[in-house]
Amino acid sequence: MKPNIGISNKQLEAVTDLLSRVLANQVTLYTKTRKFHWNVCGDSFMELHKLFQQHYTELELAIDETAERISKLGSKAIGTMEEFLKLTTLKEHPNKYPTSKKMIEELLENHEAIIVELRKSIILCSEKYEDAGTADFLTGLMMAHETTAWTLRRYFI
């Protein structure tokens, strides 16, 4: 049964499609952050190992909240690697193990790319799809990514 919450079925479908792309990007970034956590080395090993763990733990919560938001809007959340890879806008680099500095740079670029996409999605949700709840939800996600990006950016000052 579709929710009867003042948003048309067409709008709900568009919003959940948008949220599925957000979810795919979060899972891709989560996986990359986990990989870097496992493989970081060098002078700042322990610091970065713990930082990446904190970041992927935060991403794990955001992933769950995004999937639940999709469910709240009456759709099924995607959940296979094939589906995630089909929808993600982030790039993976199999068999590549960058230096710790390059890891930070890549994660920063990914968080910033997600922030840019979230800004566009917030406008779509609030103006085109008339879904203030999802716009607010995405704003919270964007703010979390901004905090993480700021933390990573501090390594380049």
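Residues being in a loop (DSSP other than H, G, I, E, B) and under 30 Å from residue 12 (Cα atoms): count how many of those fall in the stretch 41-91. So that I can check it myself, show each step before the final result.
Going through the stretch 41-91, the residues in a loop (DSSP other than H, G, I, E, B) turn out to be 41-44, 73-80, 88-91.
From what is left, the residues that are under 30 Å from residue 12 (Cα atoms) are 73-80, 88-91.
Number of matching residues: 12.
Quickly run through the stretch 101-157 and pick out the residues that are part of a helix (DSSP H, G or I), within 18 Å of residue 72 (Cβ to Cβ) and among the hydroxyl-bearing types (Ser, Thr, Tyr).
Selection gives 121, 126, 134, 139.
Taking into account only those residues within the stretch 1-20 that are buried (at least 19 other Cβ atoms within 10 Å of the Cβ) and not small (Gly, Ala, Ser), which is farthest from residue 121 (Cα to Cα)? Lay out the reasoning, then the answer.
Here is the first cut: in the stretch 1-20, the ones buried (at least 19 other Cβ atoms within 10 Å of the Cβ) are 7, 12, 15-16, 18-20.
Next, from what is left, pick out any that are not small (Gly, Ala, Ser): 7, 12, 15-16, 18-19.
Working: 7: 16, 12: 14, 15: 9, 16: 11, 18: 7, 19: 9 Å.
Checked the stretch 1-20; the qualifying residue farthest from residue 121 (Cα to Cα) is 7.
When residues of the stretch 103-157 are filtered for being under 17 Å from residue 91 (Cβ atoms) and among the polar types (S, T, N, Q), how many remain?
Qualifying residue count for the region: 1.
Could we say that residue 52 is at pLDDT 95 or above, hydrophobic (A, V, I, L, M, F, W, C) and farther than 22 Å from residue 92 by Cβ here? Even if it seems obvious, please write down each step before you answer.
Numbers: at pLDDT 95 or above: yes; hydrophobic (A, V, I, L, M, F, W, C): yes; farther than 22 Å from residue 92 by Cβ: no.
So residue 52 does not fit the description; no.
Please work out which residue is farthest from residue 55 (Cα to Cα), limiting yourself to the stretch 109-150 and to residues that are touching a residue at least 60 places away in the same chain (Cβ under 8 Å) and hydroxyl-bearing (Ser, Thr, Tyr).
Step by step, filter the stretch 109-150, then rank; the result is 129.
Listed here are the residues, each with its yes/no results for (1) surrounded by 14 or more Cβ atoms within 10 Å (Cβ to Cβ); (2) of a type in the set (Lys, Arg).
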| position | (1), (2) |
| --- | --- |
| 49 | yes, no |
| 69 | yes, yes |
| 73 | yes, no |
| 119 | no, yes |
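Kindly list the number of the only condition in (1) β-branched (Val, Ile, Thr); (2) at pLDDT 95 or above; (3) outside any helix (DSSP H, G or I) that fails for residue 5.
So residue 5 meets the others, but not (2).
The values are calculated or read from the model by the stated rules, or taken from the named source; none is laboratory data. For clarity, every value in this text was computed on a predicted model and none was experimentally measured. Don't worry about glycine lacking a Cβ; one is built from the backbone with ideal geometry, like all the others, and counts go over all protein chains shown.
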